[in-house]
1. Between beta-carbons, use under 12 Å as the cut-off and find the net charge around P259, counting Lys and Arg +1, Asp and Glu -1.
2. Computed FRET efficiency, Cβ-Cβ of K186 and D304, R0 25 Å: what is it to the nearest 0.05?
3. What's the carbon and sulfur percent of the range 210-329's accessible surface, probe 1.4 angstrom, rounded to a whole number?
4. What is the Cα radius of gyration of the range 208-329 over 2.2 N^0.38 Å, N being its residue count?
5. Which whole-angstrom value gives the distance between the alpha carbon centres of the range 280-308 and the range 245-273?
6. If you count, for each residue, the other Cβ atoms within 10 Å and average over each peptide, how do 289-296, 266-273 line up from highest to lowest?
7. Please report the equivalent ellipsoid semi-axes of the range 128-253, computed as sqrt(5 x eigenvalue) of the Cα gyration tensor, largest first, in whole Å.
8. Under a Cβ-Cβ cut-off of 14 Å, what is the net charge of the residues other than L189 that fall near it, where Lys and Arg count +1 and Asp and Glu count -1?
Amino acid sequence: MGRMKLLSVIPLLAALSAPGEALSATIQPGRSVTLAWDASTDAGVAGYKIYYGVASRAYTNLVSVGNATTATISGLVEGVTYFFAATTYNGAGLESDYSNEASYTVPVTSVPVVNILRTLLDGQVVLQVTGVIGHTYQIQADRLVGGWVTIGTVTLDGSGTTEFTDVNAAILPALSYRLIEVVTTKLQLNILPNKHALLTAIGQVGHRYDIQATWLFKHWSVIGTGTVDASGSFQFVDTNAVNFPARFYRLSEVLPGLPKLQIRVNPAMQVVLTVTGQPGHLYDILATQNFSDWSVISSVGVGDRGSIEFVDYSAAAFPARYYRARERQ
């Protein structure tokens, strides 16, 4: 049971006041949140609206609750952080500004796991697969001969659990079983009447993806970045598409923990730096002698391989030199 507070709404109109100060949210079992607040004392307030989404101040969902002072938001996704804000509105439909924001990360209670449920008389093994509702998992068996092999794929429905039978267990016994989550990503393209390209990115909820574009397939450029919301998608409009005779797009997940920098000395005793980062992103390589003053010695773009090398030919001029990499904003 967790609790959080949303602070009062800042009125957009002088005659329109906010919900009461005691606006709070109680997390309920089953991936739901119940919001509650004190009724506004302003006679001009006709009702309340709750906004929420998986990115701060970029709300993709709206619930209008009328003049009620509670609202339950259901269908939240495990492991995803949601951001909430509230507004008031008057009889003419005029709405206040957002309240201060509160966030909540839905606990992951359905940890993906596969267990042996029972063994049938013919030697087949019935498995119970439990995980996150709506997610897809590969079931793999560690065979006595052949190592890990995929024996099936399941998508979990509203119960969050299902059964699967390893029909080959009698012939090829398994030492153990495991689950590998299957994440499907795709990019849908629609051309708007103004010739702009509307891109719909579909991926793992809560994950961030780059939208990359190219013309001649020689160089891919990042033209936008988005976070997949609870609907499983986000949209981006390429207003520059009309300036190209042809344009192609792809989706690339933004991986945490990048960039990384590795250093080695080649046979010519030169310092070689390998920058590992997000394809299509630009990174500065910085150097220092005293850890106080850092200087940019090069800027590099990471290609499709996810890494690039840089040789610091001036390293020999320093008694000691240290390096780091940062993404160029």
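1. Working: positive: K260, R324, R326, R328; negative: D284, E327.
Charge balance near P259 sits at +2.
2. Details: r = 19 Å, r/R0 = 0.74.
The computed FRET efficiency comes out at 0.85.
3. On the way: 3730 of 7060 Å².
Roughly 53 percent, rounded to a whole number.
4. Details: Rg = 17.7 Å, N = 122, 2.2 N^0.38 = 13.7 Å.
So the Cα radius of gyration is 1.30 times the expected 2.2 N^0.38 Å.
5. 10 Å
6. On the way: 289-296: 10.1, 266-273: 12.6.
Going by the mean number of other Cβ atoms within 10 Å, highest first, we get 266-273, 289-296.
7. Numbers: eigenvalues 325, 59, 21 Å².
Each semi-axis is √(5λ); the values are 40, 17, 10 Å.
8. Working: positive: K186, K195, R247, R250; negative: D238.
Taking every Cβ under 14 Å from that of L189, the sum is +3.
The values are calculated or read from the model by the stated rules, or taken from the named source; none is laboratory data. Fair warning: this is a prediction, and the values are worked out from it, not measured in the lab. Please note: Cβ atoms are built from the backbone with ideal geometry, for glycine as well, and neighbour counts cover all protein chains shown. Quick note on the areas: whole protein, heavy atoms, side chains included, nothing else; ligands and nucleic acids left out. Shrake-Rupley method; radii C 1.70, N 1.55, O 1.52, S 1.80 Å.
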